[in-house]
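All of the numbers you see were taken from the coordinates with simple rules; none came from a lab. Nothing here was measured: the structure is a model prediction, and the numbers come from that model. Cβ coordinates were reconstructed from backbone atoms using ideal geometry, including for glycine residues, and neighbour counts include every protein chain displayed.
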Amino acid sequence: MLLESRLTLTPVEVSTTLTSFLMERKEDIPRVYEEIRVALREGWSKTVREFYKPQPLDYMLMMFEIGSITGWGESHLLSFDADSLSGSLQTFDAPISEALKGKATVHADVFWRAQGAGVSSTIFGKDMDWFETKCLAVGDSVCEFHFMPRDSLKRSEYAAKYPGQVP
């Protein structure tokens, strides 16, 4: 138990196997993303916020550090607009994308994207979405993500640009 929240460490093969399963059922990716996003928004990330009371940007950077320590890769904020609460980041050594490199037909970091969206929803007090714009698993040199509040999305535009990522 950590901060009265139960956490687990799992081998990357678990996440990779689940991701491969989802890739065979692409229509389920938005639902899985949304379920994880909501669960983290209301669970673990809320507990961390209430315990540490970090400022939003500090919390985002703390999330990247925790992600790195727990094996999700090293993330760096590329841009952030405090007014629109949108920005982008890169994740290096993303374990699922590395394991599926050359085998994936869609962007592979569903779980990292969902976790980021859930935690950033807690951080900013708004429903946030993350989109994977580059993915090592499909041939890009790095995994890159864009995030923004859900209410600022032009759903049809993002659905066309990032197929299978819009819940």
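Quick notes
- The phi torsions of the range 22-30, fed into the Karplus equation with coefficients 6.51, -1.76 and 1.60 and a -60° offset, translate into couplings of 5, 5, 7, 10, 3, 5, 8, 4, x Hz, rounded to whole numbers, with Gly and Pro shown as x.
- Partners of Lys26 within straight-line reach, counting lysines whose Cα lies under 20 Å from its Cα and excluding those fewer than 8 residues away in the same chain: Lys101, Lys103, Lys134, Lys161.
- Across the range 157-167, computed HN-Hα scalar couplings (Karplus, 6.51 cos²θ - 1.76 cosθ + 1.60, θ = phi - 60°) run 5, 6, 4, 6, 6, 10, x, x, 9, 8, x Hz from first to last residue, x flagging Gly and Pro.
- Choice from Ile123, Ile29, Ile69 with maximal GNM fluctuation in the chain (Cα, 10 Å cutoff): Ile69
- Share of alpha-carbon pairs per 5 Å distance bin for the range 26-152, given as whole %: 2, 12, 22, 25, 22, 12, 5, 1, 0
- Across Thr91, Thr16, Thr70, mean-square fluctuation computed from a Gaussian network of the chain (C-alpha pairs under 10 Å connected) peaks at Thr70.
- Structure remark: mean-square fluctuation, Gaussian network model of the chain, C-alpha springs under 10 Å; the largest value among Ser79, Ser20, Ser68 belongs to Ser79.
- Whichever lysines have a C-alpha closer than 17 Å to that of Lys154, once near sequence neighbours (fewer than 8 apart) are set aside: Lys126
- Inter-probe distance in nm under a simple model that places probes 7 Å from Cα toward Cβ, at Ser141 and Leu77: 2.5 nm
- Amide H to amide H, with H built 1.01 Å from N, Met128 comes under 5 Å of Ser121, Arg150, counting only residues 5 or more places away or on other chains.
- Reach of Lys53 by Cα under 18 Å, taken over aspartates and glutamates that are not fewer than 8 positions away in the same chain: Glu4, Glu42, Glu65
- Net charge of neighbours whose Cβ lies under 13 Å from the Cβ of Thr105, counting Lys and Arg as +1 and Asp and Glu as -1: +3
- Summing +1 for each Lys or Arg and -1 for each Asp or Glu among the other residues whose beta-carbon sits under 15 angstrom from that of Arg37 gives -3.
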